């Protein structure tokens, strides 16, 4: 328990430490003291408030919100196997990185930025042992040329980078290599060369066996991909039989690589056959959709061909069903493709979890799964990600606050043409700016005061004239520093008076 708390706290401490809170606290204290002591002008205070609203909303939505949302998720805890360290598996599907044809560049930039933030935040907070991505890594992977595919690979490895101790396993989807009748050897081999698996493989982590399946090769219609898939199934059958009877198994390499027999877990892109999500005990779909065989789900024949206790076809298919039933006998199944979350009991009679899409473009409330697995038991929980509507609401609130602040500011500023509100009349006769100075009274108000002409010497030296020129320039700067937004200063001789026009509040003169 303590170790788990430490693992969660340490990354956040490191994240906060990057902001250097000591300096931030120091500057905030100085800013607060200056505002209290009226050392910062009203204009600067307003700008500071506007900046805090804009910067705060951007920082929360683009950096902090993912951490706050994902912090609520927890790994499920197995009560039966407390002494056995469970394998922590993070599962996501349907990333759909956009390509050169579909989607706008701004859509690509913003939504993929949030996918990257969510994935990296999940790794930092939850620290999984292995990550599975169940297909559709790319949106246009099955028809882009080699140049764009390399760009796909670069972006994928940049966004979904994992440390060395966290294994990343990706499975091919229909958007990566095409549907069954569109698969081509070049495209399939290209995906396999740069990523992980495109056929059927047995993958073992901490004595937990995963069977990784290419759903598009499960039609069993005699195509080359289907023949290779059947061959791989027989090879996996031999390995599992060897582990089940390790004392009589001659294949020592299999025993060394996989060590222990347990019922496998199926990982594939297509869900097994079902007519709709109506059979789901847990779901997040907004509208019920009917699923078509070979499009949204595996066909009924393919599902039964992979499952057990289903014998409805001709002799060859029945024999294949029996052999694969002896091979698989899965205890759990995971899939993606539908873009909606669903937990159901499939035609094999085992728990099947269909993952929601990881991309805002496909799902308004994306999520991923967190599974704790042992050789004999399993427990799965869903982790909800930051919703796009939450980000939109925060930005709308920030815009509303800015508008309110600007409206209040406009109401508080006095009218420029109101009588006596923005004019300072000095009934003194012939005056120039050299005879005016700024002073602060006991209340802290800025006053403009006339320097007595009689105190000025009649004959001024060159040095004194230069000093007066500097004081004149300093007076102009003082007006701006004191918060006087000077619009124009003009002298008018009317009834032996000088009128000084400035766009400020009324300042009485002593």
Least to most buried among 175, 378, 247, 147 (fewest other Cβ within 10 Å first): 247, 147, 378, 175
Fraction of antiparallel bridges per DSSP, the stretch 193-282 only, in percent to nearest 5: 60
Kirkwood Rh, Cα atoms: Rg over Rh of the stretch 125-199: 0.99
10 Å-binned pair-distance histogram of the stretch 184-247 (Cα, whole percent): 20, 45, 27, 7, 0
Sequence of 124, 198, 281 once ranked by neighbouring C-beta atoms within 10 Å, starting from the fewest: 281, 124, 198
Quarter of the Cα convex hull surface for the stretch 168-283, i.e. its orientation-mean projected area (nm²): 9.3
For the stretch 87-218, projected area of the alpha-carbon convex hull averaged over all directions, nm²: 8.0
Net length gained if the chain between residue 402 and residue 74 were fully extended (0.36 nm per residue, minus Cα distance): 114.4 nm
Enclosed volume per residue, in Å³, of the convex hull spanned by Cα atoms of the stretch 50-118: 116
Least to most buried among 396, 230, 402, 306 (fewest other Cβ within 10 Å first): 396, 402, 230, 306
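Since every read-out is calculated from the coordinates, none of them should be taken as a lab result. As the structure is a computational prediction, the values presented were derived from the model and not from experiment. Here Cβ is always computed from backbone atoms with ideal geometry, including for glycine, and neighbour counts include all displayed protein chains.
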